[in-house]
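This report concerns only the one structure given below.
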Amino acid sequence: MNPVTLKALTDIADLGVDTIIDVRAPSEFAEDHVPGAINLPVLSDDERAEVGTVYAQVSPFSARKIGGAMLAQNTAHHLRGPLAEKQGDWQPLIYCWRGGQRSGAFATILTQVGWRVSLLAGGYRSYRRLVVGMLYDTPLPHRITLIQGGTGTAKTRLLHHLEQAGAQMLDLEGLAQHRGSLFGAVAGGQPTQKMFESRLAAALNTFDPTKMTWIEAESSKVGARSVPPSLWTAMCAAPRVEIRAPLPARAAYLCRAYADLTEDRANLHEQIDRLRPYHAGDTIAQWQAYADAGDWHKLAENLIADHYDPRYARSAVRLQNYTQVIDLLDLDDETLAITAARLTPELK
């Protein structure tokens, strides 16, 4: 077996292996994993719990004996299943929680088969330490500009037009699987905090720090996920471009961007009800009536004017580091594409 040590997150792309295999239990893999890894667990969640119970209540020896039998059975399943078609020149990298018994045992069997196997020293923990070091302990070297604007000013859509124009952009809402507002939940839910951070680190590592990276001006949380300190510090110090547009254009954009909300009116009513601590009962009732009538444009206009804009105005007072303000008459894709080109003249 070939021991591999990650000294930087960028090393992952240069490992020279065919497959990265995470042999931890499915719940561990779901919480977070090395980017690009597949999950071939040598112990299921229930089996891992059983072995842990035997370890604590009987003896470590009994736990290892039971765990070894389970591991051998599961490894045989993988050899007959996902690994059955792998040829002799296939080269996997294997890891578990800390590079110990689970990955070592699995790697030993695969080595005996005849494959050239690499083992990640320190396991997942060594990878996680690098992510934490990057996003919690070290200032980010990236040049950042934020896209700012009130609700419905198509900031996320503009980011994607910037990307299409050749710019570097970090889509926090996409990585967090949330549109960043009370109505922003999307199907499938959000990743765990660790998985969100892995996605952030992986994305940032693909960028050239000397070139501009565009990010939407979010709060410190996107849904339930927190923006890590190093990135948040860089965002707070970054210059900003503010997008402004007429209320009807913003409402029309929201109707397009949040069209999924109209498909589940019961859920929409629940979301509107969550605004009761901030607005009079008559206001909430009127918004519910717009939802019942399917008057999405009127509902969007009212939410922007009466709920979101006052809050945005209060937060914007504290932010003076704009580089420029851009007024748009509409938020159609053609207009956003032209705006992206204006913001990235060096890419023409």
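Hey, which lysines would be in cross-link range of Lys7, C-alpha to C-alpha under 27 Å, not counting anything within fewer than 8 residues on its own chain?
Within reach: Lys194, Lys211.
Express in nm, to one decimal, how much length is gained between Arg80 and Asp208 on full extension, taking 0.36 nm for each residue of separation and deducting their alpha carbon distance. Kindly include the intermediate steps, with their values, before the conclusion.
Working: separation 128, 0.36 × 128 = 46.08 nm, distance 4.28 nm.
Working it through step by step, the gained length comes to 41.8 nm.
Where does the chain land at 222 nm, in deg cm²/dmol rounded to the nearest 500, when only DSSP H runs of n ≥ 4 count, each adding -39500 (n - 2.57), divided by all residues?
The helix-only estimate for the chain comes to -14000 deg cm²/dmol at 222 nm.
Treating only the Cβ of Lys, Arg, Asp and Glu as charged (+1, +1, -1, -1), what charge dipole size does the range 173-306 show about its Cα centre? Round to the nearest 20 debye.
Working: 14 positive and 16 negative charges, 90 e Å.
Approximately 440 debye in magnitude.
With r defined as the distance between the Cβ atoms of His269 and Gln164 and R0 fixed at 35 Å, what FRET efficiency is calculated, to the nearest 0.05?
Numbers: r = 37 Å, r/R0 = 1.05.
Step by step, r from the Cβ atoms, then E = 0.45.
Distance between Cα centroids, the range 133-155 to the range 166-222: provide it in whole Å.
If we compute the Cα centre of each part, the gap is 9 Å.
State the label only: which of (i) 1.23; (ii) 0.94; (iii) 1.00 corresponds to Cα Rg over 2.2 N^0.38 Å computed from the shown model?
Recomputing Cα Rg over 2.2 N^0.38 Å here picks out (i).
If I model a spin label at Ala30 and Ala121 as a point 7 Å from the Cα along the Cα→Cβ vector, what separation in nanometres do I get?
3.4
With point charges of +1 on the Cβ of Lys and Arg and -1 on the Cβ of Asp and Glu, referenced to the Cα centre of the chain, which listed residue (Tyr95, Ala337, Asn267) lies farthest in the positive direction of the dipole?
Checking the options against the dipole of the chain, the answer is Tyr95.
Figure the gain on full extension for Tyr278 and Asp295 (residue separation times 0.36 nm, minus the Cα-Cα span) and round it to one decimal in nm. Provide the component values of the computation, followed by the final result.
Numbers: separation 17, 0.36 × 17 = 6.12 nm, distance 2.21 nm.
Taking Tyr278 through Asp295 to full extension adds about 3.9 nm, to one decimal.
Pick from Arg48, Arg240, Arg314: which residue has the top mean-square fluctuation in a GNM of the chain where Cα pairs under 10 Å get a spring?
For the chain, modelled as a Gaussian network with Cα springs under 10 Å, the answer is Arg314.
Which one, Thr210, Thr153, Gly188, projects farthest toward the positive side of the charge dipole computed for the chain from Cβ point charges (K/R +1, D/E -1)?
Value: Thr210.
Rolling a 1.4 angstrom probe over the protein heavy atoms, how many square angstrom per residue are accessible across the range 179-316? Display every interim value, and only then the final one.
Numbers: 6340 Å² over 138 residues.
I get 46 Å² per residue for the range 179-316.
Per 0.36 nm of contour for each residue apart, how much would the distance between Arg64 and Asn39 grow if the chain were fully extended, relative to their Cα-Cα spacing? The partial results should precede the final answer.
Details: separation 25, 0.36 × 25 = 9.00 nm, distance 2.18 nm.
Residue separation times 0.36 nm, minus the Cα-Cα distance, leaves 6.8 nm.
Could you check how much of the accessible area of the chain is carbon and sulfur, as a whole percent, using a 1.4 Å probe? Walk me through the numbers before you get to the answer.
Numbers: 9010 of 17090 Å².
Answer for the chain: carbon and sulfur cover 53 percent of the accessible area.
For the range 39-147, what does the accessible surface come to per residue with a 1.4 Å probe? Please give it in Å².
Values: 5740 Å² over 109 residues.
Normalised by residue count, the accessible surface of the range 39-147 is 53 Å².
Amide H neighbours of Ile20 under 5 Å, counting only residues 5+ apart in sequence or on other chains, H built in-plane at 1.01 Å?
Ile38, Leu93
The values are calculated or read from the model by the stated rules, or taken from the named source; none is laboratory data. Worth saying up front: this structure is predicted, and the values here are computed from it rather than measured. We place every Cβ from the backbone using ideal geometry, glycine too, and count neighbours over all the protein chains shown. Keep in mind that these areas ignore ligands, DNA and RNA; they rest on the heavy atoms of the full protein, side chains included. Shrake-Rupley method; radii C 1.70, N 1.55, O 1.52, S 1.80 Å.
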